[in-house]
Each structure stands twice: as structure tokens, then as C-alpha cells.
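All remarks here apply to the structure that follows.
The values are calculated or read from the model by the stated rules, or taken from the named source; none is laboratory data. Treat the numbers as computed from the prediction; the structure is a model and nothing was measured. A quick note on method: Cβ atoms are made from the backbone with ideal geometry, for glycine too, and the neighbour counts reach across all protein chains shown.
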Amino acid sequence: MSLRHSLRVVRAVAAADIRLTLREPLFAIIGVLIPINFLLLFLLFALSGGQAPVAVVMHDRGPLAEQFVQAMNSSQSFLIHTASPDDAEREIRSGSIVAVITVPQDFDAALAARTRIDIPVEVNNLNVDFTNDIRRAVPLSITSFYAGAFPEQVVVTAREADVQARDTGYVPYLAVSIVVAGLMLASLLQGSVNTARDYELGTINELALAPVSRFAIGVGKVLGAAALATASALLLLAVVILPIGVHPLHPLEVLGFGLLIIAAFLSLGVLVGTLVRRRQQAIPLSIAAVLPLFFLSGPFGPANWLGDIPGAIAAVSPLTYAIAAFQHAFHGYQTAPQDLTADTIVLVTFTLVTVALTALVFGRRGARH
């Protein structure tokens, strides 16, 4: 079969998928809105869980007391507000804050006299993560405050050497990982739903009987589903770049790896749709596949920080390499042992293998139900 004929097959299959999708806007809307909801829900989780809400009761308003509160603010572990003793107690009893930290009376005078000071810390230890944050951050804040206020008395200090050129906040880092998961979800949904629809409507029979390349059919279906997947991807990127303010350091990398990620997971979606052949099965299966892979692919930090068994799973997950590539595209650093060339090779290989598997499954099973 000539290359020109194969390209015509690819174009015809892609155009047919796009026309059928536009006739059924409900499934198109699902494919666009679910990834957006995925992004917003995880970002709300990140915004609410990054720092522990704390009330500070100030019984001393001296300069050293204010400097101590500033040290707590600089630890980036607290969301601090000052409150009266009664208000702080009501807040911690109602569960709206995690801890009450009290700056005692004569704080400045006691420091000047070099006498012992006890700082009461009342912790609502319902959430062990927040509790541990408080237990770690309060002593760190005390140490940082004392080193700044009395540097001549602190003879042991940490000298930090940063691996990365700049710090990256919790939300900007996580937002990029969520975008990759959203691209995966959008691509899986579009590829699987479009393919399963062909089996439901019987249009797959025409493809099975046509004297055309199975590989060309697979590529055509991937390109057809790419239209709405790309629309969803643009919305995801717009949310991250505009309201959240996470701007890509390398826009061309975002474009290149974005298209590669869409192609990789669209091909997987086509394979899923070829196997299940029903949209009612394809949609929940696509959604269910994203969450475990997301958490096992290094969304909160490098995948090799996860431990031996999760790290081994992450090593075979294409989402791991997609997240690493996008972190470099947005923030300019490498979060995985492999470089961008390895990320590209893995994603390209995954795409080609998945398309080949789709062609194999389609060739063996044909259009039989």
C-alpha cells in the first residue's frame, strides 16, 4: 500500500471521528470538563493543605516578640493570624485552626535577662500530618529566631547549598504535575470513547472490511481524538498559566511535550476502546486508570523519592516521564535521573508500541462483538 493511500486513510478516519464527536456534544463536553474538574479539585486540595493554620496569642508586643512571629512566618509552615486568648481557644475547639502558639508576657525582658522562656503550644492533633508539621516547625522557628536575634550565641548553623537555581512553591510544582495527569485523562477519554463508539454504532465493520492498513486506521483514530483532547489541554494550560500564574520557562518544550503526551495517551485510549468496545465501560475505566498512576508517578517530588516498590512502579509508568519533562519545561530543572532525551524516547516508544498493539488487537478480533 502506497504512502499516499495510507495518508488518505488516516485523514478519512480522523475526519469521520471528528464529525461523529460533534454530533454527540455530551461526550465531547465530558472529555473537556472532567480534566478541568480534576485540576481544580487537586489545586483546592493543595491550597488548603500546604500550610497549617495557626493562631498566635501575643502577650508581649516587644520587638523581639514581633521578630519571633516573623521567624514563624518565614518558616513557610504556618498560616498565622493573631487572636485573643478566648478567640484562639474557640477556634481550636471548633477545628478551624491546628494550633495556638502563645508568646508569654515579658518575652523581651526574659530574653534580655537570659532566663528560660517556655512558649505554650496547644495542638489539635486530629491530623497527624499537620501535627508533625507543628512539632517540626515550632522548634525550627525558635532556632531561626534565636540565630537572628543573638547571632553571637549560636555557634552551630546550617549552610545551605541549593541544587536548583530557585525555589519552587508547593502549588506551582503540583499544578504542573496535575496538568500532565489532566492531559492523560483527557486523551484517554477521547481516544477510548471515540473508539468504543465505533463498535456501538457498527462503523468499525466498514473499517474491518476495508482493504486498508490497520496501522493507518490506528493513527487516524488517534489524530481524530486529538482535536478535543487538544482543546482540553489548552484549557488546562490556560488555568495554570493565567489565574494560578505558573508560567513556562521553556514554552517550546511545553508545546512539544504536550503534543507527545497527548499522542501517547490517545493511543492508549484507542487501545482501551478497542478492548472494551462500550463507552459506559471506557469512561470509568479511563478515570480509574489515572488516579493510581498519578500518585505513583512522582507528582509531589521526584519519583525515586517514593521508595523501592513505588519507585519501581513509577519507573515503568509513562506518566513519570511526562511529569519530569513538563517540570523541566515549566520550571527548568530535572526531577528524575534520566534527561529529556530519555523522556522523549520513552514517550515515543510507548506511543508506537500502543498503536501497534491496537492494530494487532483489531486485526485479530476484527469487528466481532
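Overview of values
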| read-out | value |
| --- | --- |
| Hits in segment 68-81 (condition: in contact (Cβ under 8 Å) with a residue 24 or more places away in the chain and either crowded, with 17+ Cβ neighbours inside 10 Å or within 27 Å of the chain's Cα centre (by Cα) (or both)) | PHE68, VAL69, ALA71, MET72, SER74, SER75, GLN76, SER77, PHE78, LEU79, ILE80 |
| Hey, THR115 loosely packed, with under 15 Cβ neighbours inside 10 Å, modelled with pLDDT under 85 and either not small (Gly, Ala, Ser) or not in a loop (DSSP other than H, G, I, E, B) (or both) or not | no |
| Lone qualifier among VAL222, VAL179, VAL212 - being buried (at least 18 other Cβ atoms within 10 Å of the Cβ) and in contact with a Phe, Trp or Tyr (Cβ under 8 Å, 6 or more places away or on another chain) | VAL179 |
| Count - residues of segment 275-290 that are in contact with a helix residue (DSSP H, G or I) (Cβ under 9 Å, 6 or more places away or on another chain) and closer than 26 Å to THR344 by Cα | 4 |
| Test: residue in segment 100-119 that is touching a residue at least 40 places away in the same chain (Cβ under 8 Å), touching a Gly at 6+ places or on another chain (Cβ under 6 Å) and charged (D, E, K, R) | yes |
| Evaluation of GLU152 against (1) farther than 21 Å from ILE80 by Cβ; (2) assigned to a loop (DSSP other than H, G, I, E, B) (one fails), failing number | (2) |
| Looking only at segment 118-137, and only at residues there that are among the aliphatic types (A, V, I, L, M) and at pLDDT 90 or above, the one that is surrounded by the most Cβ atoms within 10 Å (Cβ to Cβ) | VAL123 |
| Test: GLY148 is surrounded by fewer than 21 Cβ atoms within 10 Å (Cβ to Cβ), out of contact with any helix residue (DSSP H, G or I) (no Cβ under 6 Å at 6 or more places or on another chain), among the small types (Gly, Ala, Ser) and farther than 30 Å from GLY269 by Cα | yes |
| Filtered residues of segment 118-143 (kept if within 18 Å of GLN51 (Cα to Cα) and part of a loop (DSSP other than H, G, I, E, B)) | ASN124, ASN125, LEU126, ASN127 |
